[in-house]
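First comes the structure, then the notes that go with it.
The values are calculated or read from the model by the stated rules, or taken from the named source; none is laboratory data. Note that the structure is a prediction, hence the values are computed from the model and not measured. Every residue, glycine as well, gets a Cβ built from its backbone with ideal geometry; the counts of neighbours run over all protein chains shown. Surface areas here come from the heavy atoms of the whole protein model, side chains and all, with no ligands, DNA or RNA. Shrake-Rupley method; radii C 1.70, N 1.55, O 1.52, S 1.80 Å.
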Amino acid sequence: MEEEKLSSVAKKFTASPIQQLSLIAQQCNAINLAEGFPDFPAPLTLKDAAISAINSDFNQYRHVQGVCDELARIAKKTHGLDVNPLTDIAICCGQTEAFAAAVFSVINPGDEVIIFDPSFDTYANVVSIAGGVPVYVTLDPPQWTLDPNKLLKSFTHRTKALVLNSPHNPTGKVFSKEELDTIAGACCANDCLAITDEVYEYITFGDAKHISLATFPGMQSRTIITSSLSKTFSVTGWRVGWAIAPAYIASAMRNIHVRIADSAPAPFQEAALIALRSPPEYFESLRRDYEAKRDFIVKLLVDIGFQVQFEPQGSFFLFAELPKSCTLTDVDCVEELIKRAGVVAVPGCGFFQTNSSKDKRVEEDHSYQKRYIRFAFCKSDATLTSAAQKLNETNFEFLKMH
């Protein structure tokens, strides 16, 4: 069989369910609230900068040191971190590649990596490709709180790293200062590295504020921060991301990056200089706009019968719960949303991994893992209004409380 020629790693992976759902949205002209990409224009100044870079023939392999200089300046201003732009930063093709390069730089076969559950599946997949072993720590619904005891029990002598995504996909949770303090203390006590995904760092609501784990005592020397332009500047297709890390790790990451991708897109690195110099008003406007979109979709989904016990504190996703009266699973409900209303979302089960945890001694009720659906609200007002109209015109009797 042809499949026998595939590697064992390749055989593990199938098409991404989120991308499959987005394809369904295109094929049946449904409204795509599944994939986390904005459907509104990127800032004009950024587009003009990219066009100017292309017209200036920045079209070949390129490393733009100025991007590193700006990132170091921002790290100091925002987080109080001293970062050497010449040694402590790796520019990659988006946060995804930065995360992969981080994992490949520090994880050996058999090393355990702690991942909070639910989570974006890229983390565990990359760890598995590296030969690492994902170890899941459950966040407790409906507030997605971190139980310090669960975290501390998850460390073993094989634990090499911990992955932290805050603001969090899919729940919209922003880890509190107390939770971060617990995580930092555990990492220091167990001589554990941390790899953070901070792509939603500027998208927080209300009193919630993003705090980088690297700012806690003892953590800058053991933290790899990954982020990108994608979410903050609505350019998910530009693929410019980075990692800020101790010099020896950043050097390893640059060496891996060069052998996999060679360089991030040259004209978009030039445009990144303009993006990173955006005034504070830009980021405040971004927050206000997304908070309004969050409030809109929360009200919409509650009105048609979903439960929203936890309003997103950050990111641009809502993890809505099916009411207790609904007997369908999340997958069934997503199919009904597509068929009845022409709206596509993502079944929550794809973000939960706990049942494959190595620790079978802990008996927990995981039935809630089939009771959530993720909606992306990083869409234009016109798209959200159209989705609201379709959903309000549809009879979702299976969602109604009795």
Review point. For the stretch 249-301 and the stretch 26-69, what is the separation of their C-alpha centers, rounded to whole Å?
Key: 10
Point to revise | Rounded to the nearest 20 debye, dipole of the chain from Cβ charges on Lys, Arg, Asp, Glu | key: 260
Practice item. State which entries of K209/K324; K173/K379; K299/K370; K12/K160; K177/K231 exceed 29 angstrom in Cα-Cα distance in the structure shown. Key: K209/K324
Review point. Semi-axes, largest first, in whole Å: what does sqrt of 5 times each Cα gyration tensor eigenvalue give for the stretch 57-173?
Key: 30, 18, 14
Check your understanding: Percent relative contact order of the chain, based on C-alpha pairs within less than 8 angstrom and at least six residues apart?
Key -> 24
Point to revise | Amide proton proximity set for L164, modelled H, under 5 Å, gap of 5+ | key: I195, T196, D197
Study note, to complete from the structure: Listed residues K47, K370, K12; largest mean-square fluctuation, Gaussian network over the chain with Cα springs below 10 Å, found at K12
Review point. Roughly speaking, to the nearest percent, how much of the stretch 105-163's 1.4 Å accessible area is carbon and sulfur?
Key: 53
Point to revise | Point-charge dipole on Cβ atoms (K/R +1, D/E -1) for the stretch 191-330, about Cα centre, debye to 20 | key: 280
Point to revise | Under the Debye formula (equal points on every Cα, no solvent term), log10 I(q)/I(0) of the chain at q = 0.08, 0.11, 0.14 Å⁻¹ | key: -0.43, -0.83, -1.35
**Study point:** Compactness of the stretch 155-213, expressed as Rg and Dmax over alpha-carbon positions, Å
**Key:** 12.2, 40
Exercise for review: Could you rank H257, H366 by how accessible they are, 1.4 Å probe, largest area first?
Suggested key: H366, H257
**Study point:** Residues of the chain: accessible area per residue with a 1.4 Å probe, Å²
**Key:** 44
Study note, to complete from the structure: Env charge @ A250, Cβ radius under 15 Å, K,R +1 / D,E -1, value -2
